[in-house]
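Trainee: Sending over a structure as structure tokens; questions will come in a sec.
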Amino acid sequence: MDWKSRFKNPVFWINNGLAIVVPIMAYYNLQKEDFTTWISIYDVIKNSIKNPYVVLMVIVSLWNNITNPTVCIGKIREDENV
């Protein structure tokens, strides 16, 4: 995978941020209005880290964002046609 170009691409970082935030918000059924204080944000982060299911959802979401589906299992390099 071309990590240099991925790290320079702001969309990659936005997608990674969403891959972390969206599963947490979905699990706790949160809306943007629920984040009115720093304490509430801290509590959500603390509770998310303590919950193995939420951690697994975040890991899977990040995995889906980072992996390249054009790369076959066992290959290290990207397909030249991409």
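Trainee: How many residues does the range 30-52 hold that are surrounded by 10 or more Cβ atoms within 10 Å (Cβ to Cβ), among the hydrophobic types (A, V, I, L, M, F, W, C) and in a helix (DSSP H, G or I)?
Mentor: Number satisfying all stated conditions: 4.
Trainee: How many residues does the range 29-62 hold that are hydroxyl-bearing (Ser, Thr, Tyr) and under 19 Å from Gly17 (Cβ atoms)?
Mentor: The qualifying residues number 4.
Trainee: So is Val58 assigned to a helix (DSSP H, G or I), touching a Phe, Trp or Tyr at 6+ places or on another chain (Cβ under 7 Å) and modelled with pLDDT of 95 or more or not?
Mentor: no
Trainee: Mind checking which pairs have a first residue in the range 10-33 that is within 19 Å of Trp63 (Cβ to Cβ) and a second that is of a type in the set (Gly, Ala, Ser) and part of a helix (DSSP H, G or I), Cβ under 6 Å, 6 or more apart or different chains?
Mentor: The qualifying pairs are Ala19/Ser61; Pro23/Ser61; Ile24/Ser48.
The values are calculated or read from the model by the stated rules, or taken from the named source; none is laboratory data. On a predicted model such as this, the values are computed, not experimentally measured, just so you know. Ideal geometry is used to build each Cβ from the backbone, glycine not excepted, and the neighbour counts take in all protein chains shown.
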